[in-house]
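*Asks:* Can you read through this structure? Questions will come right after.
Bear in mind that the values in this text are calculations on the coordinates, not laboratory data. Values in this document were obtained by computation on a predicted structure and should not be read as measured data. Virtual Cβ from ideal backbone geometry, glycine too; neighbours counted across all protein chains shown.
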Amino acid sequence: MSVIHLDNRLAHYEVFGRGQPIIFLHSWIGSWRYWVPIMDIASERHRAYAFDFWGFGESDRRGDQFTVPTYVEMLIQFMDRLGIARATLVGHGMGGMVAILAAHQHPERFNRLLTVCTPLHGQVLAQHIKPGTLSRLLGMNTSQNGWARMVRTLQVADAEIQQEIEEDTSSLSEKVLSQVHESLLETDLRPYIISLQTPLLAVYGGKDPIVNAAHAAFLNELAERPIQLLVLPKASHFPFLEQANTFGRLLLDFLVSQGTAIEIKEEWRRRVNQREYL
């Protein structure tokens with residue numbers, strides 16, 4: 001386990017491999033741990049970093065700054081402390097929101113962005129997570145808790161990783177979740193995306209019950225921008241865990257693409273197992 005001091009607080013991170021840096025950003029349920037299968041794939045050619053946002057995983061949970069803008073600042077400080085001048089960002093959910101806002105504010109620091117099941121305007125979450133339901137998100141009532149139920153039914157090959165993800169979710173405080181939730185609802189990334197210059201691949205799951213890909217369909221209309229929208233028809237909210245092989249290949253293709261469209265290749269369909277079949 002590696003830690004650094006940022007803003008006089010300890011931030012936990014892990015790093016795999018060597019090469020050009022990729023930074024993986026988790027969502028508001030979970031921690032760095034659920035990126036392990038994709039970090040393993042990426043580390044064959046790249047240096048893969050992942051850290052826990054304030055309030056999550058092994059990072060400091062003190063204070064009260066648990067917002068998307070604060071996490072953008074944390075990301076930039078993390079890069080500065082580790083001497084990372086430029087990087088590719090891969091962000092899931094809230095992590096994708098942080099990635100897009102960071103690229104808008106600091107375009108010179110980022111080569112590419114890959115977002116996964118990311119709400120481009122936070123109000124799409126309002127219908128799923130209403131005031132008074134945060135205790136259920138912490139696992140107190142799993143029969144009514146969509147998030148906890150999804151976490152427990154993830155198709156993760158490594159049982160230890162799955163257990164760690166469940167433990168990370170159940171250990172979150174209601175204070176952190178409440179502040180993050182409020183920040184997500186207030187965040188609208190659409191104005192920033194329209195002017196985005198960093199190449200962006202936005203991946204969604206066709207069966208995602210939390211963030212429907214239809215709300216991001218406007219990305220296809222931004223023909224003058226380096227932006228692509230890709231939907232994995234059989235995936236839910238965690239495609240990098242449900243279809244790790246396919247997602248890893250998408251990521252590696254995106255990293256070397258020169259403006260060409262990213263798509264699922266036929267040979268991937270033959271090589272993935274039945275659970276990943278598209």
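*Asks:* Whole angstrom only: what separates the Cα centroid of the range 152-210 from the Cα centroid of the range 218-240?
*Replies:* Measuring centre to centre over Cα atoms gives 16 Å.
*Asks:* What is the Cα convex hull volume of the range 46-118 when expressed per residue in Å³?
*Replies:* Details: hull volume 6.8 nm³, N = 73.
That works out to 94 Å³ per residue.
*Asks:* Take the Cα pairs of the range 165-239, get the Kirkwood Rh, then feed it into Stokes-Einstein at 25 °C and 0.890 mPa s and tell me D in µm²/s.
*Replies:* Working: Rh = 14.5 Å.
So the translational diffusion coefficient is about 169 µm²/s.
*Asks:* For the range 14-71, what is the convex hull volume of the alpha-carbon atoms per residue, in Å³? Mind dumping the intermediate values first?
*Replies:* Details: hull volume 4.2 nm³, N = 58.
So the per-residue Cα hull volume is 73 Å³.
*Asks:* In a shell of Cβ-Cβ distance under 10 Å around residue 79, excluding residue 79 itself, what net charge do Lys and Arg (+1) and Asp and Glu (-1) give? Don't skip to the end; give the middle numbers.
*Replies:* On the way: positive: 81, 86, 109; negative: 80.
The answer is +2.
*Asks:* Any idea how far apart residue 85 and residue 222 come out in nm if each label point goes 7 Å out from Cα toward Cβ?
*Replies:* About 2.7 nm, to one decimal.
*Asks:* Here is a further query. What order, most packed first, do the peptides 187-199, 31-43 have when packing is the mean number of other Cβ atoms within 10 Å of each residue? Numbers along the way, then the final one.
*Replies:* Numbers: 187-199: 16.2, 31-43: 22.2.
Result, highest mean first: 31-43, 187-199.
*Asks:* Taking the number of other C-beta atoms within 10 Å as the exposure measure, put 62, 249, 81 in order starting with the fewest.
*Replies:* Values: 62 10, 249 19, 81 13.
The fewest-first ordering by Cβ neighbours comes to 62, 81, 249.
*Asks:* What does the charge add up to near residue 215, with Lys and Arg as +1, Asp and Glu as -1, over the other residues with Cβ less than 14 Å from its Cβ?
*Replies:* Values: positive: 190; negative: 188, 208, 221.
Here the count lands on -2.
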